[in-house]
1. How big is the equivalent ellipsoid of the chain along its three axes, where each semi-axis is √(5λ) from the Cα gyration tensor, reported in whole Å from largest to smallest?
2. Compactness ratio of the range 130-226: Cα Rg over 2.2 N^0.38 Å, N = residue count?
3. Work out, step by step, the length gained on full extension between Lys198 and Arg227: first 0.36 nm times the residue separation, then minus their alpha carbon distance; give nm to one decimal.
4. Which shape class, rounded, prolate or oblate, goes with the range 175-278 when its Cα gyration tensor gives a ≥ b ≥ c as root eigenvalues, a/c under 1.5 marks rounded, and past that a/b bigger than b/c marks prolate?
5. Using a probe radius of 1.4 Å on heavy atoms only, what accessible surface per residue do you get for the chain? Whole Å² is fine.
6. Helix by helix through the chain, keep the DSSP H runs that span 27 Å or more along the axis on Cα and average at least 0.5 on Kyte-Doolittle, and give those back in order.
7. What span do the alpha-carbon atoms of the range 75-209 cover on each of the three principal axes, reported in whole Å from largest to smallest?
8. Straight-line reach only, C-alpha to C-alpha below 24 angstrom: list the lysines that Lys207 could link to, leaving out same-chain residues fewer than 8 apart.
Amino acid sequence: MVYTLDLQMVSQSPHDLSALRKLFSVDTSKKIVVVSGAGISRSSGIPDFRSADGIFNSFQKRFPRLFRTGRDAFDATVFDNHSTAVAFYAMMVELKHLVDAALPTPTHTFIKKLEDQKRLLRYYTQNIDGLEQKTGLSGGKAGVSGKSVQLHGDIHTLRCAKCSFKCPFTKEHELLMLEGITPECSDCESRAAGRHAKGERELSVGKLRHDIVLYSEQSPHDSDIARTASNDMIGRPDLLLIMGTSMDVYGVKILIQDFAKAVHMSFPKADGCGGRVIYVNRTPPSHDWDSIIDYHLMGDTDVWVKLLQDD
């Protein structure tokens, strides 16, 4: 059974505040794994996906004839049709503007502090905004890099659908996308020009897309992520923090279950200290998580971080 505390009520209850400080302090943990979702970036002005005012609903309302649901706008099939591809690129340009203007939240700063204290084993994020990079957290590209693992890619990078060449998502690319033009891969163009100069058969030029993982497709970094996660589980993590995610994405759900098992096997919960799995989110987990999650802190992650700092 999951032990739940409502963060809005904690400050009004000395008993709950005492329990929070005893059970949920991270000071005794030395190998912490953090898994985050869109909820930790909400206070920076970047909407999440599934809430009433989230990205899914806002995009579906803008393009009701193209997408039956907001989720459809982030399915790999958007590239099968010119109209849906144009709409998708326009939405991504708009999202990137929000990301560029956003600042890291207290939760991002807290994760960076764990790294500075050499207690962060790894940070796995579903977010494509890269806000953790603005704190200086080691990492900075899609896939595995330093202490950061971007599970679903990075909005700041484009990837060629044909040759997998990567390049920064520039203003020039934005302008083309807003005009309904799919940018072409400069690396493909260079190789095609070289073959043409030699009188050889020309090759087709690939199109650029965002280096993010959409529904109905696998991440090109799956093998690197799986290898890193496996090594981290062997490293005996003593605390798993799950923050700002609904845990609905299948791959993330499995990742969390595997890390929770590793934490519990390495550090039994008999003394109430190590081996804890803590879920910080505005909505509670389903009963499917009863034997996996130990404690649920109901509320925004920034609120919990502030309580830790005050303590």
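1. Working: eigenvalues 307, 92, 56 Å².
Gyration-tensor ellipsoid for the chain: 39, 21, 17 Å.
2. Details: Rg = 15.7 Å, N = 97, 2.2 N^0.38 = 12.5 Å.
Against the compact-globule rule of thumb, the ratio is 1.25.
3. Extra length from Lys198 to Arg227 when fully extended: 6.2 nm.
4. Working: a/c = 4.88, a/b = 2.74, b/c = 1.78.
Verdict is prolate for the range 175-278.
5. Numbers: 15130 Å² over 311 residues.
Spelled out: the 1.4 Å probe surface of the chain, per residue, equals 49 Å².
6. Working: long enough: 82-101 (29 Å, 0.70).
Span-like helices here: 82-101.
7. Each principal axis gives a Cα extent; for the range 75-209 these are 59, 32, 25 Å.
8. Lys96, Lys141, Lys162, Lys166, Lys171, Lys198
The values are calculated or read from the model by the stated rules, or taken from the named source; none is laboratory data. Because the structure is predicted, anything quoted here is derived from the model rather than measured. Heads up: the accessible areas ignore ligands, DNA and RNA and are worked out on the full protein's heavy atoms, side chains in. Shrake-Rupley method; radii C 1.70, N 1.55, O 1.52, S 1.80 Å.
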